[in-house]
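Engineer: Before we start, here is the structure in question, set down as C-alpha cells.
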Amino acid sequence: MSNDEKIYMLNALWFKPEGGSESYQKYMDGCAPILKKYGIRPLPAFAPNKSVIGKFDADLVFFVEYPNWDTFKAFTSDPDYLAILHFREEAITDSLLIRCSRVM
C-alpha cells in the first residue's frame with residue numbers, strides 16, 4: 001500500500017454499562033476539530049441490531065476515512081488528541097480497530 005492511498009479504519013466498540021456512551025460522546029466532541037485539522041472524515045455510525053451469521057455484539061460500528069497511513073499516525077500522536085484519549089478509555093470495555101482498503 002502506498003502512502004498516498006486513503007485508508008479506512010473499521011471501529012467496533014463495546015461501551016461500559018454506566019456512562020460509556022456519554023463518555024465516548026465527549027471523546028468524539030473533542031476529536032472533531034482534530035479530525036478536521038488532519039482532513040480525516042468520520043463516516044456514518046451504526047448500532048448493530050442482530051448478528052445474522054457469527055457472534056458479534058458491539059454497541060457501535062463505524063468507519064473513519066484517513067487521507068493516508070502517515071495521517072493516521074500523526075493524528076494518534078497529536079498532543080491535543082492524547083489529551084482527550086482518556087474519554088475513550090473511560091467509555092469502552094473492548095474495541096476493534098481494523099485497517100481496511102477500499103476495493104470497490
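Engineer: What is the sum of charges around residue 63, taking Lys and Arg as +1, Asp and Glu as -1, for the other residues whose C-beta is under 14 Å from the C-beta of residue 63? Spell out each step's value before the answer.
Structural biologist: Numbers: positive: 6, 41, 99, 102; negative: 65.
Combined, the nearby Lys, Arg, Asp and Glu give +3.
Engineer: In the stretch 1-87, which GluC sites (Glu not before Pro) are in a loop and have at most 14 other Cβ atoms within 10 Å, using DSSP for the loop call? Intermediate results must be reported in sequence, preceding the final value.
Structural biologist: On the way: sites: 5, 18, 22, 65; in loops: 5, 18.
Counting only loop positions with at most 14 other Cβ atoms within 10 Å, the GluC sites (Glu not before Pro) in the stretch 1-87 are 5, 18.
Engineer: Number of Lys-Lys pairs in the chain under 21 Å by Cα, sequence gap 8 or more or different chains?
Structural biologist: 10
Engineer: Can I ask one more? Could you tell me what percent of the accessible area of the chain is made up of carbon and sulfur, with a 1.4 Å probe and every protein chain present?
Structural biologist: 58 percent
Engineer: Then there's this: Relative to 2.2 N^0.38 Å, what does the C-alpha radius of gyration of the stretch 18-62 come to as a ratio? Two decimals please.
Structural biologist: Details: Rg = 13.5 Å, N = 45, 2.2 N^0.38 = 9.3 Å.
Computed over Cα atoms of the stretch 18-62, the ratio equals 1.45.
Engineer: Name the residue farthest towards the positive end of the dipole of the stretch 1-101 from the options 56, 77, 13, assuming +1 on Cβ of Lys and Arg, -1 on Cβ of Asp and Glu, about the Cα centre.
Structural biologist: With unit charges placed on the Cβ atoms, the residue in question is 56.
Engineer: Near residue 102, within a Cβ-to-Cβ distance under 14 Å, what is the net charge of the other residues, with Lys and Arg +1 and Asp and Glu -1?
Structural biologist: On the way: positive: 6, 41, 99; negative: 4, 5, 65.
Surrounding charge for residue 102 is 0.
Engineer: Where does the Debye-calculated log10 I(q)/I(0) of the chain sit at q = 0.10, 0.16, 0.24 Å⁻¹, using only Cα point scatterers of equal weight, no solvent?
Structural biologist: -0.30, -0.75, -1.41
Engineer: Return the calculated 222 nm mean residue ellipticity for the chain, to the nearest 500 deg cm²/dmol, obtained by summing -39500 (n - 2.57) across DSSP H runs with n ≥ 4 and dividing by the residue count. Write out the running numbers ahead of the final one.
Structural biologist: Details: 3 runs with 41 residues, N = 104.
Helices in the chain give a 222 nm mean residue ellipticity of -12500 deg cm²/dmol.
Engineer: Apply the Kirkwood formula to the stretch 60-100: the hydrodynamic radius equals the inverse of the mean of 1/r over all pairs of different alpha-carbon atoms; give it in Å with one decimal.
Structural biologist: Working: mean 1/r = 0.0847 Å⁻¹.
The answer is 11.8 Å.
Engineer: Give me the number: length gained by fully extending residue 101 to residue 76, i.e. 0.36 nm times residue separation minus the C-alpha to C-alpha distance, one decimal in nm. Don't skip to the end; give the middle numbers.
Structural biologist: On the way: separation 25, 0.36 × 25 = 9.00 nm, distance 1.90 nm.
Length gained, residue 101 through residue 76: 7.1 nm.
Engineer: Hey, another quick one. Using the charge dipole of the chain (Lys, Arg: +1 at Cβ; Asp, Glu: -1 at Cβ; taken about the Cα centre), state which of 23, 87, 35 has its Cα farthest towards the positive end.
Structural biologist: Farthest towards the positive end: 35.
The values are calculated or read from the model by the stated rules, or taken from the named source; none is laboratory data. All values derive from a computational prediction rather than experimental measurement. Neighbour counts are summed over all protein chains in view; Cβ atoms, including those assigned to glycine, are modelled from backbone coordinates with ideal geometry. We work out accessible area using only protein heavy atoms, side chains counted, and drop any ligands, DNA or RNA first. Shrake-Rupley method; radii C 1.70, N 1.55, O 1.52, S 1.80 Å.
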